[in-house]
Amino acid sequence: MNKNLLEFSFPEYNDLPELDLYMDQVISLIDMKLSVFADESGKTATPTMINNYVKQKIINPPVKKKYGREHISMLFIIFLLKRVFSVSETDTLLKKLLRDDSVDTVYTEFCKHIEYAIKVVFSESKENVEKISDNKNSKYYSACALAFATKIYAEKLLNDFSKEDDKNEK
């Protein structure tokens, strides 16, 4: 599995389908491209999930039941973030990023950063982090600690962003 993750790369924004896709085609594409990140069920996306993101206005509604490149790129990001953030946190983060950058820039930056983070976490150099102690379970402690620290850091950034928004509204 580590080898699959280390070799993983996202499709470039311009390599995402140029033609709009129907829901089942979008799900097939996401499942195929993000299969390395699938949960225990083996599925990455379902129609219900996508419909909920549209209802909650995290992504724009499809046009004539078809999803374009912008929809697909946002869904890639959302399906990765759902493993870490609540729907509300994901919505806050994407709104902040899309306020400053275009959809293709947000997608491209996420892809670059996620690919880099995967290489850092799954490469052999991670042994330095695991050598904090000689405990046989050190890699488990390290993985949990890194996940915790990263999650707390991300929550703090989102919280700071929300406070900024509150000040700007007053």
Looking only at the range 38-53, count every residue that is part of a helix (DSSP H, G or I) and surrounded by 15 or more Cβ atoms within 10 Å (Cβ to Cβ) and tell me the total. 3
Of all residues making up the range 111-165, the number that are at pLDDT 80 or above, of a type in the set (D, E, K, R) and either open to solvent by less than 70 Å² (accessible area, probe 1.4 Å) or farther than 23 Å from Thr92 by Cα (or both): 5
For the range 55-82, give me the residue count where each residue is under 19 Å from Met32 (Cβ atoms), open to solvent by 20 Å² or more (accessible area, probe 1.4 Å) and not in a helix (DSSP H, G or I). 2
Output for the range 20-37, where each listed residue is open to solvent by less than 30 Å² (accessible area, probe 1.4 Å) and outside any helix (DSSP H, G or I): Leu21, Leu34
Within the range 8-19, how many residues turn out to be assigned to a helix (DSSP H, G or I) and surrounded by 10 or more Cβ atoms within 10 Å (Cβ to Cβ)? 1
Please work out if Ile30 is under 23 Å from Lys96 (Cα atoms) and among the aliphatic types (A, V, I, L, M). no
So for the range 95-103 (the condition being among the β-branched types (Val, Ile, Thr) and either under 21 Å from Thr150 (Cβ atoms) or open to solvent by 70 Å² or more (accessible area, probe 1.4 Å) (or both)), does at least one residue qualify? no
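The values are calculated or read from the model by the stated rules, or taken from the named source; none is laboratory data. All values reported here derive from a predicted model rather than from experimental measurement. Note that we place each Cβ from the backbone using ideal geometry, even for glycine, and neighbour counts take in every protein chain shown. What goes into the accessible areas is simple: the full protein's heavy atoms, side chains included, and nothing from ligands, DNA or RNA. Shrake-Rupley method; radii C 1.70, N 1.55, O 1.52, S 1.80 Å.
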